[in-house]
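Just below is one structure, and these are the notes that go with it.
The values are calculated or read from the model by the stated rules, or taken from the named source; none is laboratory data. What you are looking at is a predicted structure, and each value in this text was computed from that prediction instead of being measured. When we count neighbours, we look across all protein chains shown, and the Cβ atoms used for this are built from the backbone with ideal geometry, even at glycine. Heavy atoms of the whole protein, side chains included, go into the accessibility calculation; ligands, DNA and RNA do not. Shrake-Rupley method; radii C 1.70, N 1.55, O 1.52, S 1.80 Å.
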Amino acid sequence: MKQANSGSESHPFLHRPNRTILALSLPILLSLIAEPVTGLVDTAFVSRLGAAPLAALGVGAGALSSAFWIFYFLGIATQTEIAQTSGRGDLADASKSLSLALLVGAVISLLLSGLLYAGVDLASTALGAQGAVHDLATQYIRLRLLGAPAVIVVIIGFGALRGLQDMRTPLWIALGINLANVLLDYVLIFGWGAFPALGVAGAGLASSASQWLGAIWMLRELRRRIGLSGDISLRDGRKLMRVGRDLILRSASLTIFVLFATRVATQMGAEAGAAHQVIRQVWFFTALISEAFATTAQSLVGYFFGSGNKAYARRVAISTARWSLASGFAMLVIMLAATPIVLAAFVPAGAAAVFYAAWVIALLSQPLSALAFVTDGIHWGTGDYRFLRNAMILATVCGLLGLQLIASDKPDAFSGVWLMTALWISIRAFWGLVRLYPGIGASPFKTGAAD
């Protein structure tokens, strides 16, 4: 059994658990909200251009967001590693871990940009885009790829700082990135002064420019807080790749489901594609409350596991799960009340007919989504990456089979896309909970398991 770090006994969570969870989660939530707010602004701006540009934005944003998600393992692994090292009271290796992650991220971003740029036409076609939607989506993707290296730097930096339970610095950087994005959006989409109106392409260019501003800021903070090292070992690289293998497979499974759901919706027509873009943006936005609790859980669970105090880590897991579930029910009520606002502000007139039933399914799935997100964070904190990979693969296989069974010629076909999304989320939430309690398989939380 590992020796517990006595310093963890003074951690504020042990004396003020609810206050600590909220104090850590609120800055995370605000930083997470900044990005989807920008996505909603993009959606609102582009929706003024018509259904085809909005559907193209959905295809392009879906393709790139999904591609970037695959490489979130660098941020997740860095956060857990630094949180556990902090719990052990030894941060000597933090600089090496961070530098390794940045090096791997640089290589990945170059490969990602090259592959996607070469296959952008194929990617748009694979997501069901045709005609004007295809051409606009292709333009958007190519311009967003200019910011790919910056996106990965920011992902890694957020993980490193949150591993130290510094949630405020990432907040300020996120706010800076997204404020710049909104301002550039207006100028480049509609034109202003000497700047011509670029439409959907302007939204892509604005995103890339703002990400580079954020990456420069992030690198300065990382050098100041943690430092960068040239002492990178092959052994550490192999460890990161083992973690990356499981997390990439997990993220790839998630990505496949999201992309396939987008493809099915887009092939039902521009109206269904536009409605899907609106629901997806709002659904991801509401899920960020649970993601904030999940990120807090990851840092605190990682800290207490690193210190050898598994009982305290279990207390973190239970507390954050309760807060996340409560937030899920709250969002269900808020989404229901906001339905008329969403219809008026974001849904083109031609897409309103297919929107409502799918919207109701999406809001009813909010509590399950909350549990799925927070249990991910809890198990990330313990480094239980392989289990999370297997649970995601199972959920995705079931979801894809369900999407295949949807009869696209039926009047309610589009609502079936979100019914299968709810099934996908439910499977993830179930396995996340039973891994925590009673602790199936080789769960790190199982009573009597070695610390």
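To the nearest whole percent, what portion of all C-alpha pairs in the stretch 1-158 is separated by more than 27 angstrom? If you can, show how the numbers build up before the last one.
Details: 5273 of 12403 pairs.
Tail of the P(r) past 27 Å holds 43 percent of the pairs.
Give the peptides 141-153, 241-253 in descending order of average Cβ contacts within 10 Å, highest first. Can you show the working numbers first?
Numbers: 141-153: 22.8, 241-253: 19.3.
By packing density, highest mean first, the sequence is 141-153, 241-253.
State to the nearest 20 debye the size of the charge dipole of the chain about its Cα centre, where the only charges are +1 on K and R beta carbons and -1 on D and E beta carbons.
Numbers: 32 positive and 21 negative charges, 237 e Å.
My answer is approximately 1140 debye.
Output needed: percent of Cα pairs per 10 Å distance bin for the chain, bins running from 0 to the one holding the longest distance.
Percent of Cα pairs in each bin: 5, 21, 32, 27, 12, 3, 0.
Work out Dmax and Rg for the stretch 230-370 from the C-alpha atoms and quote the Rg first, both in angstrom.
Cα-based Rg and Dmax for the stretch 230-370 come out at 19.7, 59 Å.
Provide the packing ranking of 366-377, 389-400, 79-90, i.e. peptides ordered by the mean count of other C-beta atoms within 10 Å per residue, highest first. If you can, show how the numbers build up before the last one.
Details: 366-377: 26.2, 389-400: 19.8, 79-90: 21.8.
Highest to lowest by the protection proxy: 366-377, 79-90, 389-400.
Relative to the Cα centre, what is the charge dipole magnitude of the stretch 125-281, using +1 at the beta carbon of each Lys and Arg, -1 at the beta carbon of each Asp and Glu, and rounding to the nearest 20 debye?
On the way: 16 positive and 8 negative charges, 142 e Å.
For the stretch 125-281, the charge dipole is close to 680 debye.
Averaged per residue, what accessible area in Å² does the chain show with a 1.4 Å probe, protein chains only? Write out the running numbers ahead of the final one.
Numbers: 18600 Å² over 451 residues.
Per residue, the chain has an accessible area of 41 Å².
Expressed as an acute angle from 0 to 90° and rounded to the nearest 10, what is the orientation of the C-alpha long axis of helix 94-118 relative to the principal long axis of the chain?
So the inclination is approximately 20 degrees.
Going toward the positive end of the dipole of the chain, with +1 on Lys and Arg Cβ and -1 on Asp and Glu Cβ, which of Gly328, His276, Phe346 do you reach last?
About the Cα centre, the residue reaching furthest to the positive side is Gly328.
Tell me the accessible surface of Tyr385 in square angstrom (1.4 angstrom probe, heavy atoms of protein chains only), to the nearest ten.
Accessible area, nearest 10 Å²: 20 Å².
Using only the Cα atoms of the stretch 373-435, what do you get for the radius of gyration and for Dmax, in Å?
My reading of the Cα-based Rg and Dmax gives 14.0, 46 Å.
Sort out for me the Cα centre separation of the stretch 185-233 from the stretch 393-418, rounded to whole Å.
Here the answer is 36 Å between Cα centres.
Counting only protein heavy atoms and a 1.4 Å probe, tell me what percentage of the stretch 339-435's accessible area is made up of carbon and sulfur. Can you show the working numbers first?
Details: 2770 of 3900 Å².
Here carbon and sulfur together make up 71 percent of the probe-accessible area.
Angle between the Cα long axis of helix 352-364 and the longest principal axis of the chain, 0 to 90 degrees, nearest 10?
10
Can you give me the relative contact order of the chain as a percent, contacts being Cα pairs under 8 Å and 6 or more apart? Don't skip to the answer; put the middle values down first.
Values: 713 pairs, mean separation 99.2, N = 451.
The value is 22 percent.
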